[in-house]
Amino acid sequence: MNGVTYDALVIGAGFAGLTAARDLAKDGKKVLIVEARDRIGGRAWYRLFADTNFSIELGGNWIDIDGNVALMAEVERYGVHLSTSPQAENHVSRLDGVLSHAACPITEDEQRALEHLSQQVLVDVRRIDSALPLDQQDVADLDVPLDSYLDGFGLAARVRELVGAWIRENTGCHESQISALHLMSWIPNLNNSVLALGHTPTHRFAAGTIDLLRRMLDDSGAELRLSTPVVAVTQSAEHVEVRTQGGEILRARGAVIALPLNCLTDVSFTPALSQAKTAGAAIGQAGAAKKLWALVTDLPPKLLGVGGHDEPIDVFFTDFPADETGLGGDLVVGFSTQERPLDILDREDMEVAMRRYVPEAGVVKVDGHDWLADPYAKGTWCAAPAGLLSKYASALEATEGRLVFAGSDIAHAFRGWMEGAVATGATAAGRLSAILAQR
Ligand SMILES: Cc1cc2nc3c(=O)[nH]c(=O)nc-3n(C[C@H](O)[C@H](O)[C@H](O)COP(=O)(O)OP(=O)(O)OC[C@H]3O[C@@H](n4cnc5c(N)ncnc54)[C@H](O)[C@@H]3O)c2cc1C
């Protein structure tokens, strides 16, 4: 047993855990952060691209500077610099088998159909209050697979393919695997614009997500144990004990559980977590994007590409032009999904994929991370499957005794975004402080 008793253990050093740890420490609490990996950041990971000196984000990347209020407050608090991904100057799409270089690859009639879809979806979106858990609202009829919801609109093939590509880029999985309600619940925070889903936010951290993460950790002064997976959590009326994979017991008066939803069932809780939380965690989240990075030559400058489901890549764009990287090519970022065979770490596979869009393209190097196989993520950003949120949203975030829960996967607003992680981390710190103040 470790001799020290902490006020709070924070399990998981992603954005949620670090926000909670910082806030608790600022509130005068003695905090220990316990992290399975040998680094902080979790699903935000800024590291060198392939064997170069140029860094990229393998995970969380872009910020909606207008909507991401909690994250932007952290950016301003620490004076973190942001940069922007370049505006596209060239376009390519392959939708319904048709190759196009138009900035808008659909006809005026099809644009009207898209506008109509957007208005219809907004009618449903207006029923959602993104500040409240979705199981406390009368919206269960929207918690259905997104493809069946979309089928009701009878969209023309090309529009349906365009919408599908946006959805897969936004969720990291096929439309059949996610809930319509999940995606719709983002829209109130995107200025009620359904079409905003077709535009990736452009702001990003100039020196990487690690810039903000490190400042939060340093500011907290909290103790940090890396490479320390937690395997069991036991709580009594007075305290919480955590057992690490190495067999060490750590003790505190309370704990913040800031784990990915898909990893929660890997930890044994005594007494067991509520039935509803356990059931929700067992369903888990479906986000499993393949986020790809490739150094590509012979591309039109600042290219944005979009592809239907028969294509290997849904959306890709030049994130760092050759003159910025100094690597002799453009650094392209893109997204695909698990059910397609594209191997994002295979240079030849990626070259074949890029040549579907630009026949003369040459792929020099590739990089990426398999988040689905990663034991401490088991998925990418949260994409809730049908039936999760209208039943278990409250239970997933509910405090249980001396355990409070945080994480982007259980956020109400901006679920799946870094914003959701920071916001829930702050809420969790407030909840645990209140519990600790009771004695
Ligand atoms: C490919 C990809 C692209 C993304 N793009 C964006 C984007 O552009 N914009 C955006 O806003 N968001 C994006 N996201 C989502 C964003 O990165 C996450 O929502 C956010 O970082 C999650 O933070 P978190 O603290 O909730 O969870 P995590 O970052 O997953 O933190 C949880 C921590 O718990 C640790 N852990 C797991 N198991 C154990 C254990 N047993 N013991 C101890 N520690 C454990 C993990 O190692 C991890 O550090 C993306 C994510 C991915 C993967």
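List of remarks:
- Taking a straight Cα-Cα cut-off under 21 Å and skipping sequence neighbours fewer than 8 places away in the same chain, the lysines within cross-link reach of Lys277 are Lys378, Lys391.
- Remark: the Arg127-Ala279 segment gains 52.1 nm on full extension, using 0.36 nm per residue and subtracting the alpha carbon distance.
- Each helix, a run of at least 4 DSSP H residues, gives -39500 (n - 2.57); summed and divided by the residues of the chain, these come to -9000 deg cm²/dmol at 222 nm.
- Residue-normalised accessible area of the chain, given per residue in Å² at a 1.4 Å probe: 39
- Relative contact order of the range 16-70, pairs being alpha-carbon contacts under 8 Å that are 6 or more residues apart, as %: 20
- Surface share of carbon and sulfur [accessible, 1.4 angstrom probe, percent] for the chain: 50
- Rg over Rh for the chain works out to 0.98, using Cα positions for both radii and the Kirkwood form for Rh.
- Sequence-separation-based contact order of the range 273-366, relative, with Cα cut under 8 Å and 6+ spacing, percent: 33
- Rolling a 1.4 Å probe over the protein heavy atoms leaves Arg168 with an accessible area of roughly 10 Å².
- Accessible area, probe 1.4 Å, largest first, for residues Asp374, Asp135: Asp135, Asp374
- Solvent exposure, largest accessible area first (probe 1.4 Å, DNA, RNA and ligands not counted), of Glu74, Glu89: Glu89, Glu74
- Candidate residues Asp298, Asp64: accessible-area rank, largest first, probe 1.4 Å: Asp298, Asp64
- Summing charges over all other residues whose Cβ lies under 10 Å from the Cβ of Val240, with Lys and Arg as +1 and Asp and Glu as -1, gives +1.
- Accessible area of Tyr46 in the full protein assembly, 1.4 Å probe (Å², nearest 10): 70
- Relative contact order for the chain: 26 percent, from Cα pairs under 8 Å spaced at least 6 residues apart, divided by residue count.
The values are calculated or read from the model by the stated rules, or taken from the named source; none is laboratory data. Keep in mind the model is a prediction, meaning the values are calculated, not measured. We place every Cβ from the backbone using ideal geometry, glycine too, and count neighbours over all the protein chains shown. The accessibility values were calculated without ligands, DNA or RNA, using every heavy atom of the protein model including side chains. Shrake-Rupley method; radii C 1.70, N 1.55, O 1.52, S 1.80 Å.
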